[in-house]
């Protein structure tokens, strides 16, 4: 499996080099963290891909210790999979993992819709509309990373409007997982679906048609899950080695 290295435009000079500007380690770590997150959300890193400390340290012009701290943080955040004595890998969730998280989202977000439907203030409606406009701008600007992030942010914003810190924290954890699933598996051409469907949800939430709005939210999440699962299943397919070599022998 190929190892992915992440490039950047302004390498940090290594401490101790002649003329090097020594930047605070925390700043270096923040830059590495942001770059890896951006690469994940942009779909540049593939499921199961290893991220080697040495390669990353060379790419960012920093110490392996700084890289190690960032990889540990990303592992704690669920954005990377850490294996003892082997290193860090891009997550490769199973189809069942993906289905369980989307099942949880459907249940929780149906409750959010039930709480908000027909009760949104003018200020809340304006915030949601503004968010959808930002999603549309990201889509038309071909900004995949921003599109994925804003798509998840729409649902976080709805949870925030319920007014429960515990609910918001739980939804944020679910969204973080599904954002990663979308980045890894959801085809880029479907990013347009998010702002279109979100605009329809904003309109529905302004009515008193509770059951129809819950159905709309459920269908929205079902569609995303279906696309992600289809791509994940293809990634899980293992070629039939016997068939491959039988075909090559037949052609010789």
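Would it be correct to say that residue 59 is over 29 Å from residue 158 (Cα atoms), surrounded by 13 or more Cβ atoms within 10 Å (Cβ to Cβ) and modelled with pLDDT of 95 or more? No; evaluated as a whole, the condition is false for this residue.
Can you spot a residue in the range 51-64 that is outside the structural domain of residue 177 (by TED's automatic domain parsing), in a helix (DSSP H, G or I) and touching a strand residue (DSSP E or B) at 6+ places or on another chain (Cβ under 6 Å)? For the range 51-64, residues outside the structural domain of residue 177 (by TED's automatic domain parsing), in a helix (DSSP H, G or I) and touching a strand residue (DSSP E or B) at 6+ places or on another chain (Cβ under 6 Å): absent. Does the range 31-42 contain at least one residue that is at pLDDT below 90, part of a loop (DSSP other than H, G, I, E, B) and within 23 Å of residue 182 (Cβ to Cβ)? Scanning the range 31-42 turns up at least one residue that is at pLDDT below 90, part of a loop (DSSP other than H, G, I, E, B) and within 23 Å of residue 182 (Cβ to Cβ).
Here is a check on your reading of the model: is residue 122 within 24 Å of residue 204 (Cβ to Cβ), assigned by TED's automatic domain parsing to the domain that holds residue 228 and free of Cβ contacts under 8 Å to residues at least 24 places away in the same chain? So residue 122 passes the test. Of all residues in the range 98-120, those that are surrounded by 14 or more Cβ atoms within 10 Å (Cβ to Cβ) and within 22 Å of the chain's Cα centre (by Cα) total 11. Applying the set (1) buried (at least 19 other Cβ atoms within 10 Å of the Cβ); (2) modelled with pLDDT under 95; (3) touching a helix residue (DSSP H, G or I) at 6+ places or on another chain (Cβ under 7 Å) to residue 184 leaves exactly one unmet item: (3).
Within the range 38-72, the set of residues being over 26 Å from residue 233 (Cβ atoms) and under 16 Å from the mean Cα position of the chain (by Cα) comprises just one member, 38.
The values are calculated or read from the model by the stated rules, or taken from the named source; none is laboratory data. Please read all numbers here as calculations on a predicted model, not as lab measurements. Here Cβ is always computed from backbone atoms with ideal geometry, including for glycine, and neighbour counts include all displayed protein chains.
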